[in-house]
Every structure is written in structure tokens, then in C-alpha cells.
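Worksheet for the structure shown next.
The values are calculated or read from the model by the stated rules, or taken from the named source; none is laboratory data. Here the structure is a predicted model, which is why all the values come from computation and not from measurement. Methodologically, a virtual Cβ is constructed for each residue, glycine included, from the backbone with ideal geometry; neighbour enumeration extends over all protein chains shown.
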Amino acid sequence: MGSFDYKPSYRRNLPHIQPEGATFFLTFRLAGSLPQSLDDQWKQEREWLEHLRQSNPFHYDRVKLDFERKWFAKFESVLDGSTHGPVWLRDERIAAQIAESLRYRDGKVYRLDAFSIMANHVHAVFKPPPVTQAVSLRPENVKETDQTCDLVYLSLASIMQSLKGYTAFQCNRLLERKGELWAHESYDHYIRDGEEWNRIVAYVLNNPVKAGYVSDWREWKWNYRRE
């Protein structure tokens, strides 16, 4: 099994959960968009959480969600302020490239429900369909995993690798630069039910309002919601 094959969970640092057929909330950000001190603090607490996972799995399951919520809120506060690092996504050419790339994959590697492109990060909500209903950008990264109905699901890791890799290449070309564009680690959360889906999509679309870009989410050019 390759490193980007479908797995019920995958690792970069802490394990990421990928239930078959789930809808995901994804956040990915520009490299260097968080202060090193904050990143170091997060890594220190993450190491503690990893130790807890190995020593007390039952307690880990209860603590992990609180850990994710706390750090997501901290990161979002800094990212929305756009006070640290590059803000290349303010460039209309860059935002347009990312929006086009997100939309291009709709119906091919996921069902795209919503996205919002901010100055230094992107929120997206999507559901990878079974491969029997999709066109894989990297078919070697797909495995049959659902033994009950023989469906094959696209790897979240391979979807993000393709999306971030392609947009990094195209955006760097537009910016006439070389080097890392996106931070390696992306935040992902699988959505449990319809109520949570509504809440998260509302959060995504209102992020430009919260950040002070616009007064109404409909005014933000780089918002999208499936009708």
C-alpha cells in the first residue's frame, strides 16, 4: 500500500480519520503564515497528545477533539488577522487559480459543497465519492476498502496532494517565484451529520465577514456554496 492510498486513517503527524463516504472540512494555509513561536507551542502540545494516544487511547479519543478545536481557533485568529507571513491569496490572479482548481475537481474527485479563499488560507467542504462514480486524478492511489458493497473511495491525502501540488506550481508561476507555497500540514475534520454540515458551511462562508473583508458573505467574490 502506497503512502497516499486510501486508509480509514492516515498520518502526517497525528492520525487523521477518514471514514468511508464521509464529507470533510479542510483548511490549508500558506507556508509561513503562522508565527514560529505559535507553531512550536502547537508541536509541543501535539507531542504530548501523541504520547497520550499511545499510553491511554480511551482518554485520547475524548481529549483529541478539544485539542483540535482549541488550536483551530488559535490558528484562525492569527490567519484572519493576516498579520504574519505572505498574503498572496489577496492577488486576484492567485485566488482565481485556486477557485478554478477547486471547481475543476468537482464531480471528478469530490462533490464540492463550499469554499472560501482568504488572504493566506483556504476553507473547503467536500465529499470524495466512490471511485465507481468519479474520475481519479491519480488512480494508483485508490484502493477497495468497503467490504460490504465493494465501493472504492478516493484517498483524502492524494486529493490534497494533487490540489496543493498543482496550485503551488501554477501560483508560483504567476508570482514569478520558486519554493514552498503551502504549509505541509492541512487541517481536516470529517462531518458527522447534517446539523454539523450546516454549521461548518455557515462558518466557511462567514469567514470573510468575521475577518472584516465584507459585511455580507454573498459580497465575497471568492466564496462558493453548492446550490
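Details
- Taken as a whole, the structure places GLY85 among residues that are surrounded by 15 or more Cβ atoms within 10 Å (Cβ to Cβ) and either modelled with pLDDT under 90 or not in a helix (DSSP H, G or I) (or both).
- THR148 over 27 Å from LEU79 (Cα atoms) and either at pLDDT below 95 or outside any strand (DSSP E or B) (or both): yes
- Residues of the range 50-67 that turn out to be over 28 Å from VAL201 (Cβ atoms) and either under 19 Å from the mean Cα position of the chain (by Cα) or part of a helix (DSSP H, G or I) (or both), as a count: 10
- Scanning the range 162-220 for residues that are of a type in the set (Gly, Ala, Ser) and within 22 Å of ARG103 (Cα to Cα) returns SER162, GLY165, ALA168, ALA183, SER186, ALA202.
- The one condition from (1) surrounded by fewer than 18 Cβ atoms within 10 Å (Cβ to Cβ); (2) of a type outside the set (A, V, I, L, M); (3) modelled with pLDDT of 95 or more that ASP113 does not meet is (1).
- Looking only at residues of the range 68-82 that are of a type in the set (Gly, Ala, Ser) and within 18 Å of the chain's Cα centre (by Cα), we find that the one that is surrounded by the fewest Cβ atoms within 10 Å (Cβ to Cβ) is ALA73.
- On inspection, LYS210 passes the criterion of being of a type in the set (Lys, Arg) and within 19 Å of PHE75 (Cα to Cα).
- Residue in the range 31-45 that is of a type in the set (Lys, Arg) and either assigned to a strand (DSSP E or B) or at pLDDT 95 or above (or both) present: no
- The number of residues in the range 168-199 being in a helix (DSSP H, G or I) and under 21 Å from ALA73 (Cβ atoms) comes to 5.
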